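Reading through the structure tokens given below for one structure.
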């Protein structure tokens, strides 16, 4: 396997790791309010996430930021919770008419936080100077983008099928799915290491 494919694959697996499902939960919360016809907005949001994630990794690799791991691990579910709660308050509003400013900000923030959370692992798999890590970092970001698009496509298909076969309105689907995500996230927040100090 080429070095290029190795880091693309690491990025792909990073997103699709079911043991660290926070990434998938965030993408689901992000995409639930949208339809296939909103593909431009969805692509923008996914790319904003990748940008934030990559920016955080660059800052960490070049040692421009130092992170508190417990704080970062706490903030990741906070951003998912914010996205799901935002969905609850905006359910029923047409996704085609809404702006993506707030979701884009939350997505960028999530990307930065998640990138910081992954920076220790990323630094441990790459030896050498920071300049040697830049190309693998970009290859890794490409793998993340591909995996995110796969998750987004899956969520959109599931949303369509559930609404079609259950005859559920988009508003009800957004409320139900976002509530489920909130129910999964709250225990993660309660069990966070940040409370154990």
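Where a number appears in this text, it was derived from the coordinates with a stated rule and is not lab data. Just so it is clear, the structure is predicted and the values come from calculations on it, not from any experiment. Counting neighbours? That spans all protein chains shown, and the Cβs are built from the backbone with ideal geometry, glycine included.
For the reader, a short list of remarks on this structure follows.
- Helix 170-190 axis versus longest C-alpha principal axis of the chain: approximately 40°, rounded to the nearest ten.
- This structure gives Cα extents along the principal axes in Å, computed directly, and of [x] 55, 43, 28; [y] 52, 39, 30; [z] 48, 39, 26 that value is listed as [x].
- Folded to 0 to 90 degrees: helix 101-125 orientation relative to the chain principal axis, Cα: 30
- When only Cα pairs below 8 angstrom with a gap of at least 6 residues are kept, segment 3-196 shows a relative contact order of 43 percent.
- Added length on full extension, which subtracts the Cα-Cα distance from 0.36 nm per residue, residue 125 to residue 4: 42.1 nm
- C-alpha long axis of helix 69-90 to longest principal axis of the chain, angle in °: 20
- CD proxy at 222 nm, helix term only [per DSSP H run n ≥ 4: -39500 (n - 2.57); per residue of the chain; nearest 500]: -27000 deg cm²/dmol
- Exposure proxy shown here: for 8, 85, the number of other Cβ atoms within 10 Å sets the order, fewest to most, as 85, 8.
- Of 132, 38, 22, the residue with the greatest mean-square motion in the GNM of the chain, using alpha carbon springs below 10 Å, is 132.
- The label point for residue 85 and the one for residue 71, both projected 7 Å from the Cα toward the Cβ, are 2.0 nm apart.
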